1. From a point 7 Å beyond the Cα of B:Ala16 in the direction of its Cβ, which residues of region B:154-191 have a backbone N at a distance under 17 Å?
2. Set the Förster radius R0 to 41 Å, insert the Cβ-Cβ distance between B:Thr296 and A:Tyr38 as r into 1/(1 + (r/R0)^6), and round the FRET efficiency to 0.05.
3. Could you work out how far the C-alpha centroid of region B:123-148 sits from that of region A:3-22, in angstrom?
4. Reachable aspartates and glutamates from B:Lys408, Cα under 19 Å, same-chain residues fewer than 8 places away excluded?
5. Within region B:54-90, whose backbone N sits under 16 Å from a point 7 Å along Cα→Cβ of B:Ser157?
6. May I ask for the angle, rounded to the nearest 10°, between helix B:138-157 and the longest principal axis of chain B, with both axes built from Cα atoms and the value confined to 0 to 90°?
7. In region A:39-78, what residues drop by 40 Å² or more in accessible surface going from the chain by itself to the full protein assembly, probe 1.4 Å?
8. Computing the accessible area with a 1.4 Å probe over protein heavy atoms, can you report the carbon and sulfur percentage for chain B?
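The values are calculated or read from the model by the stated rules, or taken from the named source; none is laboratory data. All of these numbers come straight from a predicted model, not from anything done at the bench. Here Cβ is always computed from backbone atoms with ideal geometry, including for glycine, and neighbour counts include all displayed protein chains. These accessible areas exclude ligands, DNA and RNA; they are computed on the full protein's heavy atoms, side chains included. Shrake-Rupley method; radii C 1.70, N 1.55, O 1.52, S 1.80 Å.
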Amino acid sequence: MMKNGFFFFIGLLAAFLLGWGGIPLLAHKQIGALAPFYDDGESSSFPTRPPGVAARGQLVYADLGCVACHTQQVRRPDFGSDKARGWGDRQSVARDYIFQGRPQLGDARIGPDLANWGVRKPPLDAGGIAQFLYSGVVSGAKAVTHPPFPFLFDDRPIVGEAAPDALVGLVDKTPRRQIVPTERARTLIAYLQSLNNAYEYPEARHVVPVVAKEGAHK
Amino acid sequence: MSSTSTHAEVTAADTAGRWPVLLLLASGLGWLVISGIFALIASIQLHSPTFMSACEWFTHGRVGALAETSFVYGWAANAGLGIALWVLGRLGGATLRAQNWAMTGTLFWNLGITLGLGGIATGEATSFAFLELPRYVQPLLVVAYIAIGISGILAWSGRRTEGTYASHWYAVAALFLFPWLLIAAQTMLLWSPVRGVLQPIIDGWYVQSVFSLWLAPLALAGAYYVVPKITGQALPSYEFAPLAFWTLLFVGTMTGGRHLIGGPVPAWIPTLANAACWMVLFHFIVVALNLRGALTGGGTSLTFISFGLLAYFAGAVLDAVTSFRGVALVTQFTYFTTAQQQLALYGGISMLLLGSIYFAVPRLTGRPWNSGSFVRGHRVLAMVGIFLLVGSLAVAGWIQGTELSNAKTTFGEIAGRTRPWLLAVTVAQGFLLVGNILILVNFLRSVSDVWCAGAVSQVGAFRQPTTMEVHAS
């Protein structure tokens with residue numbers, strides 16, 4: 001085999017095909033056609049498609065590489081502290097991601113998991129997130145613990161009145177100027193607020209025992 | 001060092017085929033320095049988040065992608081291809097053919113990387129690990145790679161000897177398999193993307209395949225060639241080498257799912273990865289046995305190769321251990337996985353390649369390395385740097401992992417506790433960067449000597465392997 005060029009190449013090709021067929025193709029066969037789950041009780045299906053603005057926000061999230069520090073996958077309650085940290089009551093399942101253009105699963109948790117950030121308690125309002133992204137300071141804290149993203153904001157003069165979404169607190173730091181989220185910042189924030197995998201699918205249920213009877217998830 | 005290998009020291013094939021190889025090596029070393037700068041910036045941002053944060057091009061996520069991409073596609077690819085072509089040319093016993101193809105391919109490959117890095121910096125990164133380069137440069141990369149590879153494949157098919165040697169297998173496998181891999185990955189992820197979590201599954205497969213089917217084979221092609229050349233001895237346990245080769249190819253790619261433990265993917269993927277991680281150890285054990293002669297030898301090449309060999313082996317063992325759920329519970333999502341990746345890519349692949357480069361360049365130029373003290377400096381900085389880098393990341397990761405599992409610890413506290421180790425990582429990146437600048441400068445000076453001296457060869461004066469290598473101990 002090693003001497004005969006033909007067989008050697010066949011071997012190489014087989015190695016490639018086995019790896020390719022063994023993982024990507026098999027997985028594709030198994031979950032490639034996963035459909036939304038229709039809930040009779042609620043007369044709607046899950047997951048819901050994210051609004052267009054959130055889908056565009058995911059592109060901003062991807063191009064800035066937030067995935068370098070944040071995962072979006074909750075592990076099951078008995079595997080790690082994910083639930084205890086309030087990241088989600090159930091483990092994430094493949095169905096959660098079917099409508100995401102580019103799922104940002106991630107493999108580093110330098111910061112918290114964001115899979116359910118939109119429904120986190122207590123919720124930060126859009127102004128609060130904007131402030132946080134601009135300054136890198138978590139509300140209530142003093143030190144900068146987060147990379148700031150000042151380039152997602154416009155620093156511009158106030159003509160007439162300040163823009164409704166201008167960052168509070170920073171408005172009067174320099175007189176007559178205001179810090180206003182750009183279009184990209186707004187989509188990114190909408191995306192973060194849309195992150196919500198709370199709905200309980202049948203396949204996620206076997207992990208967390210659910211007392212409610214069939215069909216009455218919530 | 002025996003004199004048996006002396007007669008083959010500088011062959012006509014080296015001199016006549018040197019420019020494509022030197023161009024690849026020069027590009028590789030250039031990218032190594034550039035990726036080191038990006039890695040340094042990224043590491044500073046981990047303890048000082050505001051560092052260069054006002055500049056969108058250098059926001060942490062993008063710098064990280066720039067560092068990774070220039071390391072894999074800039075440094076490791078160019079250097080690995082250079083070594084593979086050189087080894088195949090030498091084993092083929094004739095001057096490298098299709099040299100113009102190789103040179104043109106190299107220029108376009110590096111053009112593609114440069115454009116792609118510009119794309120990443122300006123927000124076109126794909127956000128897929130190891131496949132960050134924007135879609136529009138991907139086809140160019142495939143074509144350029146094939147152009148470079150042709151030269152190597154011709155040297156293999158036109159070889160003057162009947163038999164083949166381990167370096168042949170590894171080099172040809174890497175040349176032949178990577179285009180398939182890249183085409184499959186970019187089709188399924190970038191051109192007509194699959195849905196949902198299939199994307200991270202396929203990306204995980206791709207990342208692992210880049211290592212198992214491409215970078216590791218390139219590095220091993222060089223090591224299998226250089227080690228017996230220097231020790232002058234036949235490789236022990238060589239009869240297992242073919243099986244070890246096929247084990248890496250067939251089983252290696254299945255280990256990628258270990259990063260998805262506990263994730264929203266079919267459970268068989270991480271389970272398969274766990275089994276594969278243990279099976280593939282056979283490959284690593286045989287390679288270690290085959291090349292163990294490197295551990296006893298002195299000299300610069302063998303020092304790098306021994307270090308690389310130990311790191312290559314240790315990396316595989318760590319991968320296997322952390323592929324168990326119980327261990328992954330702590331290490332997953334932490335700096336510990338970064339440590340493992342750096343151990344494999346920097347400690348393993350890069351050190352093996354550097355060892356081969358230290359051996360090859362004097363034979364290509366026909367004269368010793370320009371500066372012996374630069375060689376010694378690089379050697380110390382590289383070894384200390386990698387030790388510090390991997391060690392600090394591992395400790396930081398372990399602290400991070402244990403603190404993460406305690407739901408009461410805040411992220412601010414975790415940052416505080418890992419900070420000293422992250423500072424050490426920055427120091428390590430600094431060492432590595434300086435070391436890499438030393439070898440780049442040394443390389444450019446050595447090559448420019450030849451370039452300017454033109455046809456005048458000093459081959460005769462440097463036939464002793466010891467002088468060729470700059471004996472620096």
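1. Under 17 Å, as judged by backbone N against the label point of B:Ala16, lie B:154-161 of region B:154-191.
2. According to the calculation, E is roughly 0.05.
3. Here the answer is 24 Å between Cα centres.
4. Straight-distance partners of B:Lys408: A:Asp78, A:Asp82, A:Asp89, A:Asp113.
5. Zone members listed by number: B:89.
6. Taking the Cα atoms of chain B, the angle to B:138-157 is about 40 degrees.
7. Buried on complex formation: A:Asp63, A:Leu64, A:Gln73, A:Arg75.
8. On the way: 10720 of 15390 Å².
Ligands and nucleic acids excluded, carbon and sulfur reach 70 percent.
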